[in-house]
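Everything on this sheet refers to the single structure shown next.
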Amino acid sequence: MKMRLAAAACLVLVAAACGGDDDDDSAATTATTEANAPTGSITVFAASSLTDAFGELADTFEQENPGTTVEMNFGASSALREQILAGAPADVFASANTSNMDQLVDADEVEGEPEVFVTNVLEIAVPAGNPGNVEGLDAFGDAALNIGLCAEEVPCGQFGREALANAGVTPAQDTDEPDARSLLTKVEAGDLDAGLVYHTDVLAGGDSVEGIEVPEDDNVIAQYPLAALSASGNAELAAAFVDFVLSAKGQDILESYGFAAP
Amino acid sequence: MTKARRRPGARPPVVLVPLAALAVAFLVVPFIALLQRVPWSSLAERLSDPLVTQALRLSLTSAFSAMGLSLVFGVPLAWVLARTEFPGRSLLRALVILPMVLPPVVGGAALLFAFGRRGLFGAPLYDRTGFQLPFTIWGVIAANTFVAMPFLVVTVEAGLRSADRRLEDAAATLGAGRWMVFRRVTLPMVAPSVAAGAILCWARALGEFGATVTFAGSLAGRTETMPLAVFLALQTDRDAAIALSLVLVAVSLAVLVPLRDRWLAA
């Protein structure tokens, strides 16, 4: 949240700076806008782990394409999938795993082929100071510690269990959280000694959490696919937003939040 | 309460009828839509899953406990708000009904900061006794009570304010002590409000999701109540989620239908 506010503040500053010397080239900008740039508004459904990054992506996209509005709707990928299947007015879907996207492809909801736009790895989150002296995945089998996982119904829970299985650890968790952010809240508050979340969540947690890397051999790489949706009322703008996320500039923004290029 | 007291043939003003009908349609149509999606053929099998019975037992235990705690602490609070005068009373009322407007997830986080292992009150408790509320059924009950008690307080306070205070005064002039007046006059007078408040409180606690998952976590058999089970089931298996919701609806109706006329139609 802090990051997002900072990002918003930066954008305001940039906008103000632009406003000063805008007079000369505003006519030219208007001309190009009318010629070929998409206008109007779209709604992007994105996994909650993308909240901060996509907030900035949407703001930057709007800045670069005057006259466009990008509305964001964040939630668990599976919940968003259900909403789209039920006919929610979504133009673009960014999922935290491939299975939710595949279900939309099967239901003929996707325009073209989904593309993996970033990856994310798991990381152990511990409260600042690491009161439980957690050193690695072994801690997740320690019944004396307060241990949290995501529920196995959601992607981070599936990946977490895979990583623990790779490490040969039988989890002794005290809670199965509905999503990574909710797990992170309990780590931040110090009620959990360790939780298995995404690398990007640890970064978003700021100073109140510390990250402990999961060894590469045990870790699981989460792939995030992105696609424009066939029910979109503004296919041109939806495609332009997808292109922007995949562009070098979009990838830079995503990397600044800890995501890795695919 | 009895048939004799009901006014026969009370006919509502014409304008109210279509509006009431629309209200009914709006409130009932979603349930009909839910029923239409129920996977009837596999229902018995899904519901006999021990995870479902565990979650249901946990939900009922915590909702009734929250109701009991709210009665014990909420009725006195309602009395204080309704019958005493002191500076800052409006502020106090606003503060105690805050959980009604607070997003439950925020309420849950606030509970964590107060009663969690490192919380304001939770830390000294944990350091001395090793006891922690989160990840236990006590945490579930605490979260339910936090969110649901204001419903009882508001209802009972309204009842106390509209009760005829002359009866209390009469009892007092006849020599009844303050406790006697409260127990034998005030409480019976506001009994319908107390019942209505308790039922609202129970129903709110039964459906509680956000504060519970944020404060108490979610572990099958320990802290996973029906709403949490429904939410998680919805991630992978919509039919299972609908089957679970149906149980919750059925249980609520089984409790609410017999109660309403008996206690609420004063």
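The values are calculated or read from the model by the stated rules, or taken from the named source; none is laboratory data. Please read these numbers as outputs of a predicted model, since none were measured by experiment. Neighbour counts are summed over all protein chains in view; Cβ atoms, including those assigned to glycine, are modelled from backbone coordinates with ideal geometry.
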Please state which of the following conditions B:Leu244 fails to meet, knowing it meets all the rest: (1) over 30 Å from A:Ala86 (Cβ atoms); (2) outside any loop (DSSP other than H, G, I, E, B); (3) touching a Leu at 6+ places or on another chain (Cβ under 9 Å). (1)
Just give me the residues in region A:53-77 being surrounded by fewer than 23 Cβ atoms within 10 Å (Cβ to Cβ), more than 19 Å from A:Gln251 (Cβ to Cβ) and polar (S, T, N, Q), in sequence order. A:Thr68, A:Thr69, A:Asn73
Pick from B:Thr212, B:Thr236: which is within 30 Å of B:Ala44 (Cβ to Cβ), hydroxyl-bearing (Ser, Thr, Tyr), surrounded by fewer than 18 Cβ atoms within 10 Å (Cβ to Cβ) and within 14 Å of chain A (Cβ to nearest Cβ)? B:Thr236
Considering only strands (runs of 3 or more DSSP E) wholly within region A:63-138, the ones with at least 3 residues that are under 30 Å from B:Arg117 (Cα atoms) and at pLDDT 95 or above are A:110-127
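Do the conditions hold for B:Ser90, that is, is it within 24 Å of the chain's Cα centre (by Cα), surrounded by 10 or more Cβ atoms within 10 Å (Cβ to Cβ) and modelled with pLDDT of 90 or more? Show your work before the answer.
Values: within 24 Å of the chain's Cα centre (by Cα): yes; surrounded by 10 or more Cβ atoms within 10 Å (Cβ to Cβ): no; modelled with pLDDT of 90 or more: yes.
The answer is no for B:Ser90.
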Do the conditions hold for B:Phe146, that is, is it more than 14 Å from every other protein chain (Cβ to nearest Cβ), under 25 Å from B:Gly68 (Cβ atoms) and touching a Leu at 6+ places or on another chain (Cβ under 7 Å)? yes
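Conditions (1) among the aliphatic types (A, V, I, L, M); (2) in contact (Cβ under 8 Å) with a residue 12 or more places away in the chain, marked per residue:
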| position | (1), (2) |
| --- | --- |
| B:Ala171 | yes, yes |
| B:Leu174 | yes, no |
| B:Ala211 | yes, yes |
| B:Gly217 | no, yes |
| B:Glu224 | no, yes |
| B:Ala254 | yes, no |
Tell me, please, whether a residue that is touching a residue at least 60 places away in the same chain (Cβ under 8 Å), within 14 Å of chain A (Cβ to nearest Cβ), within 25 Å of B:Leu58 (Cα to Cα) and surrounded by 13 or more Cβ atoms within 10 Å (Cβ to Cβ) can be found in region B:93-104. yes
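Results for (1) out of contact with any Pro (no Cβ under 7 Å at 6 or more places or on another chain); (2) within 14 Å of chain B (Cβ to nearest Cβ); (3) crowded, with 22+ Cβ neighbours inside 10 Å; (4) charged (D, E, K, R), shown as yes or no for each residue.
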| position | (1), (2), (3), (4) |
| --- | --- |
| A:Glu162 | yes, no, no, yes |
| A:Asp174 | yes, yes, yes, yes |
| A:Asp179 | yes, yes, yes, yes |
| A:Leu184 | yes, yes, yes, no |
| A:Ala204 | yes, no, yes, no |
Apart from one, (1) of a type outside the set (Ser, Thr, Tyr); (2) more than 14 Å from every other protein chain (Cβ to nearest Cβ); (3) more than 22 Å from A:Gly233 (Cβ to Cβ) all hold for A:Ala76; the odd one out is (2)
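Which of the residues spanning region B:111-123 are in a helix (DSSP H, G or I) and surrounded by fewer than 20 Cβ atoms within 10 Å (Cβ to Cβ)?
Those that are in a helix (DSSP H, G or I) and surrounded by fewer than 20 Cβ atoms within 10 Å (Cβ to Cβ): B:Phe113, B:Ala114, B:Ala123.
Condition check ((1) under 19 Å from the mean Cα position of the chain (by Cα); (2) closer than 26 Å to A:Lys186 by Cα; (3) of a type in the set (A, V, I, L, M, F, W, C)) across all residues:
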position: B:Val147; (1), (2), (3): yes, yes, yes
position: B:Ser162; (1), (2), (3): no, no, no
position: B:Gly177; (1), (2), (3): no, no, no
position: B:Val181; (1), (2), (3): no, no, yes
position: B:Thr186; (1), (2), (3): no, no, no
position: B:Met189; (1), (2), (3): no, no, yes
position: B:Arg222; (1), (2), (3): no, yes, no
Could you tell me whether B:Ala203 is in contact with a Leu (Cβ under 9 Å, 6 or more places away or on another chain), within 14 Å of chain A (Cβ to nearest Cβ) and either among the hydroxyl-bearing types (Ser, Thr, Tyr) or under 29 Å from B:Trp138 (Cβ atoms) (or both)? no
What number goes with the only condition from (1) among the acidic types (Asp, Glu); (2) within 25 Å of the chain's Cα centre (by Cα); (3) outside any helix (DSSP H, G or I); (4) within 18 Å of A:Pro215 (Cα to Cα) that A:Glu162 does not pass? (3)
Being within 14 Å of chain B (Cβ to nearest Cβ) and of a type in the set (Val, Ile, Thr) is the filter; apply it to region A:98-155 and report the residue that is nearest to A:Pro171 (Cα to Cα). A:Ile147
Would you confirm whether or not region B:51-70 contains a residue that is exposed (fewer than 10 other Cβ atoms within 10 Å of the Cβ) and part of a helix (DSSP H, G or I)? no
Of the residues in region A:106-126, those that are over 30 Å from A:Asp217 (Cβ atoms) and surrounded by 15 or more Cβ atoms within 10 Å (Cβ to Cβ) number 3
Against the definition (farther than 16 Å from B:Leu152 by Cβ, away from every other protein chain (no Cβ under 14 Å) and not small (Gly, Ala, Ser)), how does B:Thr225 come out, yes or no? no
Scanning region B:124-137 for residues that are surrounded by fewer than 24 Cβ atoms within 10 Å (Cβ to Cβ) and within 13 Å of B:Val213 (Cα to Cα), the one nearest to the other protein chains (Cβ to nearest Cβ) turns out to be B:Thr136
